[in-house]
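The values are calculated or read from the model by the stated rules, or taken from the named source; none is laboratory data. All of these numbers come straight from a predicted model, not from anything done at the bench. All Cβ positions, even for glycine, are placed from backbone atoms using ideal geometry, and neighbour counts span all protein chains on display. Quick note on the areas: whole protein, heavy atoms, side chains included, nothing else; ligands and nucleic acids left out. Shrake-Rupley method; radii C 1.70, N 1.55, O 1.52, S 1.80 Å.
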Amino acid sequence: MKTFLFSCFCLLSLSLFAQVRGGRSVSGAGGNTGRFYGRIVDGATNKGIDAASVQLVQARRDSVSGKSADISIAGQLTTSKGNFSLENLPVRGKFRLLVTAIGYTPVDKEVSFGTDMSGFDKDLGNIKLELDVQQLGEVTVVATKPIFQMGVDRRIFNVDKNITTTGQTATEIMKNVPGVNVDIDGNVTLRNAAPTIFVDGRPTTMTLDQIPADAIESVEIITNPSAKFDASGGMAGILNVILKKNRKAGYNGNIRAGIDSRGRINFGGDLNVKQGKLNFFLGLNYNQRKSISRGETYRENLFTDKSRNTILNQYSNSTNSGSFAFGRIGFDYLMDNRNSFTVSAALPNGSFNSGQTDDIYVDTLSTPVQSQHALRTTDNKRKFKNFGPSLGYKHLFPNQGHELTADVNFNSSSNSGHGDYTTKYYNADGSFQLNPALQKLVSSGTSTFWTIQTDYVLPIGKAKLEAGLRAAVRDNKNIIDNLSYDYSRGEFVSIPSVSSNYKYNDQVYAAYTTYSGKIGESFSYQLGLRTESSKYTGTLLNTGDRFSNKYPLQFFPSVFLTRSFGPGNDLQLNYSRRINRPNFWQLIPFYDVSDILNISVGNPGLRPEFTNSFELNYNKSLGKGHSLLTSVFYKKTNHLITRYQSLQYNVPLPDGKLDSSMVISYINANSSRSYGLEVTSKNPLAKWVDVTTNLNFYNAQIDNSGLDSMLGVNDRWAFFGKMNVNFKLPANFTIQLSGDYQSRTLVPQDGGGGGRRGGGGGFFGGTSSASQGYINPNYGVDIAVRKEFMKDKKAAVTVSVNDIFKTRIYDAHSENSYFVQDMWRRRDWQVVRVNFSYRFGKFDASLFKRKNNRTGADGGDDIIQ
C-alpha cells in the first residue's frame, strides 16, 4: 500500500514537473536542478515518522486573473525512517514547505536556496513534529462538541454533555432532548405522536428502558424522514440512538459506577483498542432499578338503564424493582483503503419484579345504593434475553463519494413472565370475605428479526444518486396461560377462552432511490421515491384460527428543497408520505383478561393509516455561538389508528362466564391533522453559561364523527417547552438545569404504536385514548452538579436529582357514551443519584500510519488515491 501511495505522489510530482517544464517555470538561470532533503522526526523521541506528507509550494501569479496563488511544486511521503528528498526544483525564489502527519501538529516553514547559486542541494535537517492532542482525541479534550447541534434535516443531541441522565437509561435521555416529550411511564412522543425508534440507523426490537444512557453517544431527531428511511412511522418521525464506538488509535476507555437514594447501583465501562487494520470495541453496563408510583382513578360507568350506573374509585401504590445488563462487543476490519467490515453484537438481558396494591370502591346507583370494597394485590415477575449480532460491509470506489454498503442485522429475543392477582372483598363490618378471587398468568415468548439492507451512492458531477434495497422479516411466538383458582378442586384451572398460544410472521420489502443536486451556488434539492410491500400472518395455535393481511406495492415520495443565503443561513421546504400498518397485537381478536380491570382485544378490521407531512425550516446562525432553528409543520393522516374504550357484551371473563364489560380496543378514526410552530435556539449568554431552548405551539385534531355520538371532532391547541441551562463554574464545577412544561393537550396519537398486551396492573380502562380525552398541564425540573478533577480532568463525580419540586404528574380526562374517567399518577420523584467516572487512554504515534487511515483524526478508514 505504501508503494502504491508513494507511486501516486511520484506521478503527481512528475506531472507538476512536466507542467513547469512546459513553460510555467520561474526558475530562470540554473534551471530545475535544485534539491531539498531532510528527515521528519517525532519531537519527543527524535524517531523518524513514517508516511508523513511533505509538500513544497510556491506563490505564482495567474496569467488570467492576475492574482497570486500557491502552486504545488513537488511532494512525497517519507520513508519508514522519516527521510524525504524533493528533486528537480527551480533554484530561484522563496518556497513554503508543508509537512503533515496524522496525530501531529502541521509544520509550515519558508525555505530557499539562498543567494549562493553553487549550493543547489540543501539539507533542511531534522524537522520535528509535535503531537497534536486535540487531533488525537485522547483523554485531554481541547475542542468538544456542543450539547445540541442543529441542521435543517436533523438535530443531534450529544449525550456525553448531558449530566442529569448519568447512570440512567435512554428513556431519561429522551426527557432532555429538545422537542421530545416523555410521560411518567416512559412513553415518548415527538410533536404529539409516537416516533419510530432506531439504533445506529436501523429499527430495533429493544425498548428505550433496555438501553443504558452511558452506552449512548448521541440521539438524532429526524422530524420528516426522506425516502431513504422506512416509510413506517405514521405521523411521527424517527429518533435514532447512536451507540458509542470509538476509533481513536491506541487504546482508551472509561469506567463508571453510581448509586441512588433507593440503594440501587449501576456500573460499567467501555474499552476501545485500535492498531493497524483492526479496531476493537467493548462496552458493558449493569443497572439496578426501583421504581415507585402512586395514583388515583375516578370513573363513572354509564348504562342505558341508569340504575346500573356505577361509580368506581381506585387508589394504587406500586413498586417495580429489578436489574438489567447491557453488553456490546465488536470490531472493524480495514481490509485495504477501499474495503472494510464491521462485526458487532448487543446482548441486553434483565429481570424485574413488580408489585401493586389497589384499594377499590364500587358504588352501584340503584335503589338502595349498593357498595363494594375490595383490595387487589398484584405480583408480577418477568425476564428477557436478547442477542443482536450484525455484519456490515463498505466499499469505497476511486471517485470521492462513490460507495456501496451492505449490512445484515439479526435479533433473537426471549421472555417469560409470571403474575399472581389476588382480590379480597370486604364485608360490611370491614372484615374480609372468605375465598378471595385468585388469578394466575403464565407467559413466555420468542421472536427473531432479520433485516438485510444495501445502499449505493453515485456522484454525478455536482449531483448525487442514491438507491437501496431492504428486507425485514420478523417471527414471533407467544404463550399466555390464564388460570383461575377453583376452590372445589383445590387447584388452579386453565381457562381456555382467555388463554392463547399464537405465532405470527411479518415481512416488509422495500426499495428506494433519491436524486440530489444543486442549481447555482445557493439552491439544492433532493427528490426521492420509496416503494414498500408487506404482509403478515398470525395463527392462534390453540384454536387453529388464522389471520393474514397483505399490502401490495405502495409508493412514498419525498421532496427536499433548500435555499442557502450564506453560511449558517438556510431555508428548507420538505414533504414526505408515510404509513403505519396495524400490528398483530392490534389485530388479533383475542380478549386479554390478564388484568380484569383492563380487558383489551384487537380489531381485525383495522386499516393502515397514511400521513402526508410538510415542513418549512429556517436555520440561522446569529454569530458568537447563537443560532436559531424555526420550523412550521403540517401533517394530515387518514384512518388514524387509535385506542378506543367502549362497553362490550359477551366478554369472556377469567371464571369462564360471559358478561358485559368495558374493553380497550383500536379503531380507525376518520382522519387526524396537526400543525404548529417549533422554535429551537442556542444562546451562550456568557463564557460560563449557555442555554438551549425548545418551544412547540401546535394544534391537534381527531375527527371521530360517526364513530360515537359524544365524540365528534376532538380539537385542541397546546404548548410544550423545554430548556437546558449549563453553568461552567471555577474549580471545574458544572451545573446543569433541565426543565419542561406541557400545557393541556390531546392524548398523544398512537400512530399504530400499540405494543404487546398482557401483564395488567393498570387502572380502570388503562390509558386514555387520543379519540376520547386530554392530558392536563404538567411540568418538572431536574438538576445535576459535576466536579471534574485529577490531571486532564480524567475523573468526575456527578450528583443529580430528578423532579426536584415533585410536580410531574400524569393527570388525564377521558369520556364517551359509556363512561367518564379522571385519573392521576406520580412516579419516581426526587430521586438522588451519585455517579463516578474515570477516563483513561494512551496514544501510540506509530499507529497513525497513513496507509491504514483516512486523513481524518479518527483514523476510521484508509485514504482513497
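Hey, could you check segment 109-136 for residues that are exposed (fewer than 11 other Cβ atoms within 10 Å of the Cβ) and over 57 Å from the mean Cα position of the chain (by Cα) and say which is modelled with the highest pLDDT? My answer is G114.
Restricting segment 577-620 to residues that are in a strand (DSSP E or B) and in contact with a Lys or Arg (Cβ under 8 Å, 6 or more places away or on another chain) leaves a set whose member that is farthest from A437 (Cα to Cα) is F614.
So how many residues does segment 647-697 have that are modelled with pLDDT of 90 or more and among the aliphatic types (A, V, I, L, M)? Matching residues across segment 647-697 total 7.
Hey, among I238, I163, which residue is at pLDDT below 85, open to solvent by less than 20 Å² (accessible area, probe 1.4 Å) and not polar (S, T, N, Q)? Result of the check over I238, I163: I163. Scanning segment 508-520 for residues that are open to solvent by less than 40 Å² (accessible area, probe 1.4 Å) and of a type outside the set (V, I, T) yields a total of 5. Of the set (1) of a type outside the set (K, R); (2) closer than 30 Å to R376 by Cβ; (3) loosely packed, with under 15 Cβ neighbours inside 10 Å, all apply to M335 but (2). Screening the candidates K385, K394, K381 for the property of being in a strand (DSSP E or B) and buried (at least 16 other Cβ atoms within 10 Å of the Cβ) yields one hit, K394. Test G263 against the stated conditions and say whether it is open to solvent by 10 Å² or more (accessible area, probe 1.4 Å) and assigned to a loop (DSSP other than H, G, I, E, B). For G263, the condition - open to solvent by 10 Å² or more (accessible area, probe 1.4 Å) and assigned to a loop (DSSP other than H, G, I, E, B) - is met.
Table: residues versus (1) within 30 Å of T693 (Cα to Cα); (2) at pLDDT 85 or above.
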position: V593; (1), (2): no, no
position: V601; (1), (2): no, yes
position: L622; (1), (2): yes, yes
position: K635; (1), (2): yes, yes
position: N638; (1), (2): no, yes
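Answer with yes or no whether F523 is at pLDDT 90 or above and open to solvent by 50 Å² or more (accessible area, probe 1.4 Å). Spelling it out, F523 is indeed at pLDDT 90 or above and open to solvent by 50 Å² or more (accessible area, probe 1.4 Å). Do the conditions hold for R256, that is, is it part of a strand (DSSP E or B) and open to solvent by 60 Å² or more (accessible area, probe 1.4 Å)? Judged against the criteria, R256 is not a match.
Residue pairs whose Cβ atoms lie under 7 Å apart, sitting 6 or more positions apart in sequence or on different chains, and linking a residue in segment 32-44 that is among the hydrophobic types (A, V, I, L, M, F, W, C) to a partner that is surrounded by 21 or more Cβ atoms within 10 Å (Cβ to Cβ) and outside any strand (DSSP E or B), are I40/I49; I40/A52; I40/T78; I40/G82; V41/I49; V41/G82.
Can you confirm whether segment 673-680 contains a residue that is under 30 Å from V593 (Cα atoms) and of a type in the set (G, A, S)? Checked against the condition, which is being under 30 Å from V593 (Cα atoms) and of a type in the set (G, A, S), segment 673-680 yields no hits at all. One residue stands out among those in segment 245-298 that are among the acidic types (D, E) and under 26 Å from the mean Cα position of the chain (by Cα): the one that is nearest to S344 (Cα to Cα), which is D270. Within segment 467-480, can one find any residue that is under 23 Å from the mean Cα position of the chain (by Cα), over 30 Å from N542 (Cα atoms), surrounded by 18 or more Cβ atoms within 10 Å (Cβ to Cβ) and touching a residue at least 60 places away in the same chain (Cβ under 8 Å)? Looking for residues that are under 23 Å from the mean Cα position of the chain (by Cα), over 30 Å from N542 (Cα atoms), surrounded by 18 or more Cβ atoms within 10 Å (Cβ to Cβ) and touching a residue at least 60 places away in the same chain (Cβ under 8 Å), one finds at least one in segment 467-480, hence yes.
Being touching a Ser or Thr at 6+ places or on another chain (Cβ under 9 Å), farther than 12 Å from N158 by Cα and open to solvent by 10 Å² or more (accessible area, probe 1.4 Å) is the filter here; which residues of segment 200-222 pass it? D200, R202, P203, T205, M206, T207, L208, D209, Q210, listed by residue number. Exactly one residue among G283, G322, G276 is surrounded by 16 or more Cβ atoms within 10 Å (Cβ to Cβ) and at positive phi, and that residue is G322. Residue-level check: of (1) at pLDDT 80 or above; (2) open to solvent by 20 Å² or more (accessible area, probe 1.4 Å); (3) not in a loop (DSSP other than H, G, I, E, B), K228 misses just (3). Restricting the first member to segment 353-372 and to residues that are open to solvent by 40 Å² or more (accessible area, probe 1.4 Å), and the second to residues that are β-branched (V, I, T) and not in a strand (DSSP E or B), the beta-carbon pairs closer than 7 Å and six or more apart or on different chains are D363/V369.
Of all residues in segment 809-838, which are over 25 Å from V785 (Cα atoms), open to solvent by 10 Å² or more (accessible area, probe 1.4 Å) and either among the acidic types (D, E) or outside any strand (DSSP E or B) (or both)? If the condition is that a residue be over 25 Å from V785 (Cα atoms), open to solvent by 10 Å² or more (accessible area, probe 1.4 Å) and either among the acidic types (D, E) or outside any strand (DSSP E or B) (or both), then D811, E815, S817, Y818, D822 are the ones that fit.
Taken over segment 649-678, the criterion of being in a strand (DSSP E or B) and surrounded by fewer than 16 Cβ atoms within 10 Å (Cβ to Cβ) is satisfied by Y649, N650, L658, D659, S660, L677.
Here the condition is being in contact with a Ser or Thr (Cβ under 7 Å, 6 or more places away or on another chain) and closer than 26 Å to G237 by Cα; of R607, R581, it holds for R581 alone. Looking only at residues of segment 294-332 that are in a strand (DSSP E or B) and aromatic (F, W, Y), we find that the one that is nearest to H373 (Cα to Cα) is Y315.
When F633 is tested against (1) open to solvent by less than 20 Å² (accessible area, probe 1.4 Å); (2) closer than 30 Å to K440 by Cα; (3) not in a loop (DSSP other than H, G, I, E, B), just one condition goes unmet, and that condition is (2). All conditions in (1) surrounded by fewer than 22 Cβ atoms within 10 Å (Cβ to Cβ); (2) out of contact with any helix residue (DSSP H, G or I) (no Cβ under 8 Å at 6 or more places or on another chain) hold for P195, with the sole exception of (1).
In segment 735-790, of all residues being closer than 16 Å to A812 by Cβ and among the β-branched types (V, I, T), the one that is modelled with the highest pLDDT corresponds to I775. Taking each residue of segment 414-429 that is in contact (Cβ under 8 Å) with a residue 12 or more places away in the chain and open to solvent by 50 Å² or more (accessible area, probe 1.4 Å) and looking for partners that are assigned to a strand (DSSP E or B) and β-branched (V, I, T) with beta-carbon atoms closer than 7 Å, six or more apart or interchain, yields H418/V442.
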